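Below: one structure, written as structure tokens.
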Amino acid sequence: MGKFILTCCSTADMRRDYFIQRQIPYVCFHYTMDGVTYSDDLGESISFEEFYDRIAKGAMPITSQVNVDEYCQFFEQFLKEGKDVLHLTLSSGISGTYNSACVAREEMQLKYPDRTIEVVDSLGASSGYGLLVDAVADLRDKDVSLEEAKKWAEENRLFVHHWFFSTDLTSFKRGGRISATSAMLGTVLNICPLMNINESGRLVPVQKIRTKKKAIQEIVRMMELHAAGGLNYNGKCFISNSACESDAREVAAQIEQRFLKLSGPVVINSVGTVIGSHTGPGTVALFFFGDKRSE
């Protein structure tokens, strides 16, 4: 264990056993579906399979972020033990949780003036946010100081690439990310929109691609264009998917065939219940370190 406690939100969309193994406590978002409120607890309350099946059958979950009181309770358990905390949040371009964490930080700093607590906006989401957390955990394990780890995270967060495509546009239409007309035409014409997260941490459309096969080829091509070192990329690669693991495995297989120096096999996770409330089923997301993200 390093010199500080590294924490994050459940929306980093990594497996529960990963967080336990890496000793990274996480605080859970929430969602309400069919009148019942659940914790975004990495598939414990409701399995990912059931969650996406219910959306496919018409359920429309509504999400809520971690509030200030919840952050205070979460942080205080570590501060009371005399430990310092570095917390990475979901992108401020997607959620207001960064602001809530900062307010909680100020309250806890007043209550525990001898402790240090810092908050970093990841400007990322899902397992891309998780990829940044993973890199900071590596620094923590090398006994890098909290201040140095925070600086590294802020200086390197825009080098984490997020590329998405979706074969089901229903949830994107409902959330206002695409128009009803675009969703209808996309479904009729078998269009899979390719999207990424820009330098402001917002999800933006990049291009419209006909057929899933071409979308898979294009998302792999984006890694070839943007990965640090190109085909010689030797970092980690994460993928998350919402109830379309076979598509995720096809992307992973193509990446492992092309990028022979990867740091281990491609890690495939599930898009969690909060991020998945907005994407719905059918989304594949690819994450890696590359050139600096821009509009």
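Coordinate-derived values only; no laboratory data. This is a predicted model, so every value here is computed, not measured. No Cβ is skipped: glycine too gets one built from the backbone with ideal geometry, and neighbour counts run over all protein chains shown.
Compared with the dominant principal axis of the Cα atoms in the chain, helix 146-156 is inclined by about 20°. Dipole of the chain computed with +1 at Lys/Arg Cβ and -1 at Asp/Glu Cβ about the Cα centre; of F259, F287, F74, farthest Cα towards the positive end is F259.
Restricting the calculation to alpha carbons of region 194-286 gives Rg and Dmax of 13.1, 36 angstrom.
Normalised by the residues of region 231-295, what does the relative contact order come to in percent, with Cα pairs under 8 Å and at least six apart?
Values: 95 pairs, mean separation 32.5, N = 65.
Across region 231-295, relative contact order equals 50 percent.
Using modelled backbone amide H atoms (1.01 Å from N, in-plane), which distant-in-sequence or interchain residues come within less than 5 Å of V27's amide H? Here the answer is C8, C9, S10, since their amide H atoms fall under 5 Å of that of V27. Excluding residues fewer than 8 places away in the same chain, name every one of the lysines whose C-alpha is closer than 17 Å to that of K80. Those lysines meeting the cut-off are K3, K111. When you restrict to C-alpha pairs under 8 Å that are six or more residues apart and normalise by the size of the chain, the relative contact order lands at 22 percent. DSSP bridge analysis restricted to region 5-158 gives an antiparallel fraction near 40%, rounded to the nearest 5. The listed peptides 119-125, 253-259, ordered by packing as a protection proxy, come out as 119-125, 253-259 (highest mean of other Cβ atoms within 10 Å first). Qualifying GluC sites (Glu not before Pro) in region 5-78, where qualification requires a DSSP coil assignment and no more than 14 other C-beta atoms within 10 Å, comprise E44. The share of Cα pairs per 5 Å bin across region 30-127, counted from zero up to the longest distance, runs 2, 12, 19, 18, 16, 14, 9, 5, 3, 1, 0 percent. Among beta bridges from DSSP that stay inside the chain, the antiparallel ones total about 70%. Cα axis of helix 212-226 to longest principal axis of the chain: angle in degrees, 0 to 90, nearest 10? Approximately 50 degrees, to the nearest 10. Inter-part distance, region 29-59 to region 244-259, computed on C-alpha centroids, equals 26 Å.
Cross-link partners of K236 among lysines, defined as those whose alpha carbon lies under 16 angstrom from its own and excluding same-chain residues fewer than eight positions apart: K261. All C-alpha to C-alpha distances of the chain, sorted into 5 Å bins beginning at zero, yield P(r) values of 1, 6, 12, 16, 19, 17, 13, 9, 5, 2, 1, 0, 0 percent in whole numbers.
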